[in-house]
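These notes concern the structure reproduced below.
Computed from the coordinates by the stated procedures, all read-outs in this text should not be read as laboratory data. This one's a predicted model, so the numbers in the text were calculated from it and none came from an experiment. Here the Cβ positions follow ideal geometry from the backbone for every residue, glycine too, while neighbour counts run over all protein chains shown.
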Amino acid sequence: MPDTAPAPVPAPIPFVDIPGQVRRLRERLDERIRRVMDHGQFILGPEVRELEAALADYVGGGQVVTTGSGHDAILLALMAEGIGPGDAVFVPAFTFVSTAEAVASVGAAPIFVDIDERSFTMDPADLERRVAAVRRAGLYKPRAVMPVDIFGLPADYAAIGALAESEGMFMLSDAAQSFGATVGNRRVGRLAPATMTSFFPAKPLGAAGDGGALFTDDADRADTYRRLRMHGQDARGECLEIGMTGRLDTLQAAILLVKLEAFPDDLARREAAASAYDRALAGVVAVPHRPAGHTSAWALYTILSDRRSAIQAALAAEKIPSRVYYEQALHLHAAFKATSEGPGSLPVTERLGQRNLSLPMHSELDQATVERIAGIVRAAAG
Ligand SMILES: Cc1ncc(COP(=O)(O)O)c(C=O)c1O
């Protein structure tokens, strides 16, 4: 028998801790789920309307239409503007597939725009150049721009909105990762004429399955969203235009009502974890940029380092997960070759894609765990 007790084995560190959050909210979740089982209105039940009102309240007004997923929300927003063949929609390539895929799905051309070195969001100066190039080429009509609030940080809506207006383009915000973030005193949902978010379980406000929502200040636009998510049918059931099945399930709405109550606290927990990472890592690796007046929802905490592989290997040796978002920028995916200008066409996107690494980030992450992870990063990056 050894005369000293074995060192305690640290608990596994999840990349995103959904079960931990569910444990904290379990009683209220069970009660809400039970109520839906009792009334049985599984499609567009009362919780859907209740959630839409609560979300509008949370963002400070406007209209909210919930959807089956974030991707459905983007599709519906594009369909509502009548965007289709012959139209160019400007998007970043440093994002999840869905952003450009939705544009291509309605028959429009996703035109890729480079990102800003520090914020990782769409670079307004590059947008201006790409719009001019599309006008010169004359193949597509510049119709819309869709910045993405990557990793939870709102894009530069002031600059992009001004350019969109002067170019006669509609601005849609892919806020799948940023629900809860702010610019000045305005919340995501009120930063663009149309905003789409996702309630994918790993998102800052996550359901127990797929879900999403559209935000707009325009009541007519919201009516169109509601009609399109129900096959384009009016109140009598006549199909007025081609739509889709794009509704949020009542059960997911019930779950999201509980999660939304806890959301301000969850966001504060994410911010505390991000600040602890910042303190421990600043000067060792590039920590996320915090533009003046912006807050992030911290969907992901992403650092930049030339020693990414060494950091990832050191974390993996301690069984700590880390991930590269995104391994391959969208302009390098086969599905987008029709409008991509290929390797070398988005230098900042491609450069950052070699150095970016996302560390565990979720509402259950405590300071001691952040410090443990950061210690390993520091040692490997030094
Ligand atoms: C930037 C971005 N856009 C769109 C989506 C699509 O959302 P969903 O998975 O809910 O369809 C996601 C997330 O998954 C995303 O991260």
Rg followed by Dmax, in Å, when region 263-381 is reduced to its Cα trace: 15.8, 48
Report the net charge of residues surrounding A282, where surrounding means a beta-carbon distance below 12 angstrom and charges are Lys +1, Arg +1, Asp -1, Glu -1. +2
Which listed residue (G293, F263, A335) has the Cα farthest towards the positive end of the charge dipole for region 263-381, taking +1 on Lys and Arg C-beta and -1 on Asp and Glu C-beta about the Cα centre? A335
For K259, list the lysines whose Cα falls under 21 Å from its own Cα; do not include residues on the same chain fewer than 8 positions away. K203
FRET efficiency, 1/(1 + (r/R0)^6) with R0 30 Å, evaluated for R372 and F42 via beta carbons: 0.10
FRET efficiency for Q328 and D223, using Cβ-Cβ distance with R0 set to 30 Å, rounded to 0.05: 0.20
10 Å-binned pair-distance histogram of region 154-288 (Cα, whole percent): 11, 30, 33, 19, 5, 1, 0
As computed over the chain, the Cα convex hull volume per residue (Å³): 153
Which residue, A276, G209, A93, has the largest displacement toward the positive end of the dipole of the chain when charges sit on each Cβ (Lys, Arg +1; Asp, Glu -1)? A276
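So what's the net charge close to H294: Lys and Arg +1, Asp and Glu -1, counting the other residues with Cβ under 13 Å from its Cβ?
0
Can you tell me how much longer the chain between E261 and A11 gets when fully stretched, taken as 0.36 nm per residue apart minus their C-alpha distance, in nm with one decimal?
The E261-A11 span can extend by a further 87.2 nm.
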Mind checking the dipole of region 263-381: about its Cα centre, +1 per Lys or Arg Cβ, -1 per Asp or Glu Cβ, Debye to the nearest 20? 300
Cβ charges +1 (Lys, Arg) and -1 (Asp, Glu), total dipole of region 148-196, debye: 260
Which of the trypsin sites (Lys or Arg not before Pro) found in region 234-278 are in a DSSP loop and have at most 10 neighbouring Cβ atoms, other than their own, within 10 Å? R236
